[in-house]
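For reference, the structure discussed in these notes is given below.
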Amino acid sequence: MIEKVDHIGIAVKSISESLPFYTEVLGLEIQGIEEIESEKVKVAFIKIGGTKIELLEPTSPESAIAKHIEKRGEGIHHVALGVDSIQARIDEMKRKGIQMLQDKAKIGAGGALVAFMHPKSTGKVLWELCEKTEKGE
């Protein structure tokens, strides 16, 4: 079942240049920064109430985030829904006619299990299913 909006992913060219808006202007708390080599992206987590903002900076021109920024510019990239039993949710979405970008969850930022729905199936919004593991809590 879908439990909440876990985070909103925002594509940025530079985390270091973007962070002052979130920390100094909005007064939000940064929770950490990590690099996910498999996705060629650096991620900063910013806490806002019961959810997070996830700043996504490409570390390679071949990354999906670099391609997104090149095509659409900086801005909202995806909305992540916190779920339980991610594989059951993936299977459910497929039964309901939603095209998934992954048939099985993969490890994403913060150690969470993630899978994305294809925007062609969701009204042009990139939705992520996100199941937190103990490391990703």
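Here is how the numbers come out for the structure above:
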quantity	calculated
Residues within region 117-137 that are surrounded by fewer than 14 Cβ atoms within 10 Å (Cβ to Cβ) and among the hydroxyl-bearing types (Ser, Thr, Tyr), tallied	1
Lone qualifier among VAL79, VAL114 - being surrounded by 13 or more Cβ atoms within 10 Å (Cβ to Cβ), free of Cβ contacts under 8 Å to residues at least 40 places away in the same chain and part of a strand (DSSP E or B)	VAL114
When residues of region 1-40 are limited to those that are free of Cβ contacts under 8 Å to residues at least 60 places away in the same chain and of a type in the set (A, V, I, L, M), the one farthest from ALA88 (Cα to Cα)	VAL25
Of the criteria (1) exposed (fewer than 11 other Cβ atoms within 10 Å of the Cβ); (2) under 18 Å from GLY75 (Cα atoms), which one GLU37 fails	(2)
Region 41-57, residues that are of a type in the set (Lys, Arg) and without any contact (Cβ under 8 Å) to a residue 40 or more places away in the chain	LYS42, LYS47
Matching residues, region 50-75, being part of a strand (DSSP E or B) and surrounded by 13 or more Cβ atoms within 10 Å (Cβ to Cβ)	THR51, LYS52, ILE53, GLU54, LEU55, LEU56, GLU57, PRO58
Unique match (being part of a loop (DSSP other than H, G, I, E, B), out of contact with any Lys or Arg (no Cβ under 8 Å at 6 or more places or on another chain) and among the basic types (Lys, Arg)) among LYS4, LYS47, LYS13	LYS13
Residue that is surrounded by the most Cβ atoms within 10 Å (Cβ to Cβ), among those in region 82-104 that are in contact (Cβ under 8 Å) with a residue 24 or more places away in the chain and more than 22 Å from ILE8 (Cβ to Cβ)	SER85
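Bear in mind that the values in this text are calculations on the coordinates, not laboratory data. A quick note: this is a predicted structure, and the numbers were derived from the prediction, not measured. Here the Cβ is made from the backbone with ideal geometry for all residues, glycine too, and neighbour counts use every protein chain on show.
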